[in-house]
Amino acid sequence: MNNEKMSLKKVLKSCQDFLTNRRTIRGASITYQVFWNLTLIFLILLILGGAFAGGVGAGYFASLVKDEPIRSYESMKKDIYNYEETSNLYFANDVYLGKLRTDLEREEVKLDEVSDYLLKAVVATEDEYFYEHDGVVPKAILRAIFQEVTNSSVQSGGSTLTQQLIKNQILTNEVSFERKAKEILLALRLERFFDKKEILEAYLNVSTFGRNSSGRNIAGVQAAAKGIFGVPAKELSLPQAAFIAGLPQSPFGYTPFTNRGEIKNNLEPGMIRMKTVLKRMYDNGSINEQQYNDAVRYDITKDFIPPSTSPQEKYPWLTFEIEKRAVDILSKILAEKDGYTEDDLKNDEDLKNEYLALADRDLRQNGYEIHSTIHKDIYDAMQKAKDEFQYYGSDIQVTEKDPETGEQVKVNKPVEVGAILIENKTGKILSFVGGRDFSQQQLNHATSAKRSNGSTMKPLLVYAPAIELGSLAPGTILPDLPLTLKPGSSKPWPSNYGGGYSGLVSARYALAKSYNVPAVKAYVDILDKRPADYLVKMGFTSLVPDDFTNRSTVLGGLTNGVTVEENVNAFGTFANGGQFIDAYMIEKIVDKEGNVIYQHEVQPVDVFSPQTAYLTYDMLRDVIRSGTAASLNSRLKFSSDWAGKTGTGQEYKDAWFVGINPNVSFGTWIGYDTPKPLQVTYKGLSYSNRNIYLWAQLMNAAYDVAPDVVKSTETIKMPGGIVRRSFCAISGLLPSDACSQAGLVETDLFNAKFVPTKVDDSLVLGRYVQIGDKKYLALDSTPAEFSEAGLILNPDYIEQIFGIKINPQHLIPAKDRWAKILLPDDKMQDNGKVPAPVSAHVSGSTITWAKHPEGDIIGYRVYKNGSKVASIKVGSALSFTGGNGSYYVTAVDIAGNESAPSGEVRIGQVDNPGVENPGEEKPELPPTNPPDDGIDEPGDGSGDNNG
């Protein structure tokens with residue numbers, strides 16, 4: 001033991017001597033200095049290298065972002081909040097209709113309107129250091145540098161919410177270091193300008209979230225919440241919030257819906273992603289263990305909502321019409337901002353199309369509220385009534401080109417319908433029917449289809465303008481005769497539907513019965529005053545120069561036709577006291593900040609005087625009371641001060657009815673898209689009655705849901721300046737005594753400025769011969785005993801009042817009140833011969849003879865003992881009963897010529913002994929034109945002559 005201690009001491013002593021040895025100390029000093037110097041050199045090189053690398057990196061970074069402009073706060077704010085937001089559509093009274101059709105549905109939401117669960121879920125999933133960093137996370141920057149330097153094929157994530165917002169709103173999705181460098185720079189700048197809440201709110205509105213339950217693409221958490229779970233973002237539960245928060249990583253991979261709105265067969269990716277979000281929320285303390293466990297076990301699939309019907313699917317014609325009109329309005333607003341006027345757009349088609357395109361994009365991106373005038377309940381009720389109507393008529397087969405194969409194929413086409421309801425005082429379009437089936441035909445037959453408007457044109461183009469110009473009043477007499485009113489034609493034109501003519505008729509009656517000839521004649525009388533200018537004032541937009549001169553225009557023969565909207569809208573002028581108020585469907589447009597950028601303003605246009613408007617309205621009342629629309633009265637559920645007009649297109653290709661009351665104007669049209677004649681009769685109803693019944697069914701449907709809107713308890717009030725006057729129904733002038741005797745005095749309304757002042761001179765007192773039911777004008781030589789005094793139509797009047805040659809036989813319609821009127825040409829033709837004798841016979845005390853065979857015979861004279869005892873008119877009994885005596889009979893013609901006596905016949909004993917054979921006695925012939933001395937023996941059997 002002692003030896004070991006001694007050895008250890010020696011070793012220690014040797015070490016001490018070595019270390020304290022001067023030589024050793026000197027060697028150690030040199031080694032230390034070398035090591036230190038090497039360390040310093042390494043550190044210096046490391047610092048210099050790092051500085052160089054940093055400089056190079058900074059320079060490279062600077063080179064990547066050198067073209068990126070320095071953005072101001074205003075610029076970045078505009079870019080960040082410039083995300084597309086779907087515009088919303090509304091019925092009248094702020095009743096929500098739905099979203100405008102778009103490729104991407106989005107609805108903006110404020111941060112305080114988002115569930116706290118969702119806010120925490122998004123932060124935990126997408127950016128756990130969101131509230132700590134300044135826009136970027138350093139390790140993410142280093143990772144991006146490494147990936148760029150190594151040209152890594154796998155790009156890891158790690159972008160902050162701020163960076164994702166920059167990528168979505170300012171930059172592109174391009175994968176490159178240049179884009180990443182700009183993203184970093186802009187993210188840092190964005191964090192300087194905006195607080196965390198603003199950035200998070202923008203992110204939540206920008207991000208895409210796959211598809212909704214109808215298969216449409218969605219963006220923004222509000223659209224996601226409503227489109228997937230049917231609740232607003234504020235009401236999302238924890239599992240729902242976690243599911244939505246997980247979608248942005250792979251929107252179409254995790255979305256539960258297909259593009260057809262069906263639930264996917266494999267929902268597992270979305271479920272796994274939801275649980276990942278919940279785990280991250282639990283890990284960062286956003287939820288506790290109990291919340292986590294409950295949410296993980298929750299069956300989120302039961303919250304997925306079924307497919308919803310888009311407004312385009314439920315209201316196709318309506319949504320497209322609102323969209324079209326909103327785009328038109330916005331195009332004018334945008335053009336005005338750029339210094340253009342509405343006339344500039346009208347006159348430059350390219351400029352117009354440019355602004356329509358800009359407006360269309362603007363409408364789909366900027367989240368407007370489009371408020372329409374459409375009354376939802378009425379609109380829904382009318383669509384239902386339209387679908388239930390049973391009397392449209394049969395389908396027709398037409399040949400069309402197949403859009404896919406290009407081959408000509410035969411397809412069935414139904415009778416189409418167009419209808420529109422307009423509020424008179426405002427012009428609001430309350431409802432319309434665009435067609436039978438949108439899936440088969442997208443054309444809006446109420447607002448876009450242009451057709452001939454048939455006789456509904458008559459009050460608009462003829463009667464109202466003629467009343468305004470003072471050339472016509474309701475009591476004006478017009479000819480319904482076979483006239484030739486087409487220049488260059490030798491045949492009568494126009495004709496009435498159904499054929500036939502009614503002679504002289506009042507304007508009121510002609511309109512009620514929709515006669516064509518009187519309307520065209522009245523139109524010709526004012527054609528030089530350009531009556532079609534009134535149509536322009538009443539909103540007709542498709543007129544061409546020929547429409548201002550063609551006489552067929554009055555019958556609806558327009559070059560381009562007219563829409564149901566324009567036609568019905570014009571009728572409202574009569575209910576508005578002569579003012580035209582243009583129909584409209586867009587009440588206002590509100591931007592997403594709540595500013596009203598468009599508000600419709602009613603701008604009445606003076607068209608007719610109040611007197612003209614009232615007189616026309618009153619005439620149109622008769623169309624429904626007793627005219628072509630009289631069948632309406634039994635079909636309506638309610639009464640009102642209705643006026644209206646029917647119309648038929650050429651060859652029955654169109655059927656119209658427009659009805660107006662103090663509140664509304666409503667019109668219907670039916671016809672085939674490929675113009676073909678409608679069935680004249682279908683299920684026992686004429687084409688006209690079918691359309692009237694449709695009108696009534698749609699109006700009754702509107703009344704059921706909104707009676708106060710369509711029914712008016714008031715009547716159109718008569719303005720001052722209208723008087724009631726009597727007139728002669730032959731001329732329309734003040735009645736004469738002769739007109740009164742004929743029972744042809746009528747009364748009607750007149751504009752006080754244009755009352756008739758001249759007394760009728762169309763009738764003169766004359767004589768006539770009546771044979772049975774027929775009357776013939778007497779000649780100057782016609783014996784008075786065979787004629788009667790009566791009223792004769794003045795021959796001079798006929799040509800004077802009409803200015804044209806007319807067959808007088810057509811002037812007087814077959815009406816009882818005209819029974820006393822004779823026509824100048826109702827003359828029996830004299831054959832120029834003295835009548836042949838008649839053969840008389842006696843039986844007892846009665847003499848009889850046969851009807852004379854000649855056609856100009858007007859009567860017979862009976863002589864007794866050489867003296868006339870009776871004058872018997874043709875048409876009466878050919879017999880005479882007398883006392884004892886010798887008799888003979890003669891025939892008298894229209895010219896007064898008398899035949900030779902018949903053979904003498906005797907009644908009883910004759911006191912004349914010098915004559916053995918009285919039957920062969922030849923008495924002295926009376927003069928050819930004996931004096932009118934009447935009947936010598938008025939009491940002798942005259943009671944049997946039957947006058």
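The values are calculated or read from the model by the stated rules, or taken from the named source; none is laboratory data. This is a predicted model, so every value here is computed, not measured. Quick reminder, even Gly has a Cβ in these numbers, built from the backbone with ideal geometry, and neighbours come from all protein chains shown.
Here is how the numbers come out for the structure above:
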item: Tally of residues being closer than 25 Å to K324 by Cα and assigned to a loop (DSSP other than H, G, I, E, B) across segment 560-587; result: 7
item: Test: residue in segment 254-265 that is hydrophobic (A, V, I, L, M, F, W, C) and either part of a helix (DSSP H, G or I) or not assigned by TED's automatic domain parsing to the domain that holds Y129 (or both); result: no
item: Tally, over segment 644-653, of residues that are buried (at least 23 other Cβ atoms within 10 Å of the Cβ) and in a helix (DSSP H, G or I); result: 0
item: Any chance S712 is hydroxyl-bearing (S, T, Y), closer than 29 Å to N444 by Cβ and at pLDDT 95 or above; result: no
item: Residues of segment 236-253 that turn out to be in a helix (DSSP H, G or I) and either crowded, with 24+ Cβ neighbours inside 10 Å or modelled with pLDDT of 95 or more (or both), as a count; result: 9
item: Strands (runs of 3 or more DSSP E) wholly inside segment 366-433 containing at least 2 residues that are at pLDDT below 95, farther than 28 Å from D103 by Cα and more than 15 Å from the chain's Cα centre (by Cα); result: 396-401, 408-413
item: Elements of type strands (runs of 3 or more DSSP E) contained in segment 654-738, each with 3 or more residues being hydrophobic (A, V, I, L, M, F, W, C) and under 26 Å from V505 (Cα atoms); result: 655-660, 722-728
item: Which listed residue, of D704, D673, D748, D760, is touching a His at 6+ places or on another chain (Cβ under 9 Å), charged (D, E, K, R) and either under 30 Å from E566 (Cα atoms) or surrounded by 18 or more Cβ atoms within 10 Å (Cβ to Cβ) (or both); result: D673
item: Which numbered condition R625 misses (of (1) out of contact with any helix residue (DSSP H, G or I) (no Cβ under 9 Å at 6 or more places or on another chain); (2) more than 24 Å from M538 (Cβ to Cβ); (3) not polar (S, T, N, Q)); result: (1)
item: Pair list, Cβ < 6 Å and 6+ apart or interchain, from segment 527-538 residues that are in the same structural domain as T549 (by TED's automatic domain parsing) and closer than 10 Å to T553 by Cβ to residues that are of a type in the set (A, V, I, L, M, F, W, C) and surrounded by 22 or more Cβ atoms within 10 Å (Cβ to Cβ); result: P531/L461
item: Failed item in (1) in contact with a His (Cβ under 9 Å, 6 or more places away or on another chain); (2) at pLDDT below 95; (3) hydroxyl-bearing (S, T, Y), with T484 passing the rest; result: (1)
item: Residue check, Y652 closer than 23 Å to Y515 by Cβ, in contact with a Pro (Cβ under 8 Å, 6 or more places away or on another chain), among the aromatic types (F, W, Y) and in the same structural domain as L558 (by TED's automatic domain parsing); result: yes
item: Yes/no for F666 being modelled with pLDDT of 95 or more, aromatic (F, W, Y) and buried (at least 23 other Cβ atoms within 10 Å of the Cβ); result: yes
item: In segment 762-807, the residues that are among the small types (G, A, S) and either in contact with a Ser or Thr (Cβ under 8 Å, 6 or more places away or on another chain) or at pLDDT 75 or above (or both); result: S762, G766, G772, A778, S781, A784, S787, A789, G790
item: Unique residue being under 17 Å from the mean Cα position of the chain (by Cα), farther than 20 Å from A643 by Cβ and at pLDDT 95 or above when the list is D533, D582, D528; result: D582
item: Number of the condition not met by V769 [criteria: (1) assigned to a strand (DSSP E or B); (2) under 26 Å from Y463 (Cβ atoms)]; result: (2)
item: Residue that is surrounded by the fewest Cβ atoms within 10 Å (Cβ to Cβ) [pool: residues in segment 99-137 that are part of a helix (DSSP H, G or I) and of a type in the set (A, V, I, L, M, F, W, C)]; result: L111
item: Qualifying residue in segment 267-282 (condition: surrounded by 15 or more Cβ atoms within 10 Å (Cβ to Cβ), in the same structural domain as Q164 (by TED's automatic domain parsing), closer than 20 Å to V109 by Cβ and not basic (K, R)); result: yes
item: Residue in segment 201-214 that is surrounded by 15 or more Cβ atoms within 10 Å (Cβ to Cβ), over 46 Å from the mean Cα position of the chain (by Cα), among the acidic types (D, E) and more than 19 Å from D103 (Cα to Cα) present; result: no
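Residue by residue, here is whether (1) free of Cβ contacts under 8 Å to residues at least 60 places away in the same chain; (2) touching a strand residue (DSSP E or B) at 6+ places or on another chain (Cβ under 7 Å) holds:
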residue: I228; (1), (2): no, no
residue: F243; (1), (2): yes, no
residue: L247; (1), (2): yes, yes
residue: N265; (1), (2): yes, no
residue: K275; (1), (2): yes, no
residue: S286; (1), (2): no, no
residue: Q290; (1), (2): yes, no
residue: D299; (1), (2): yes, no
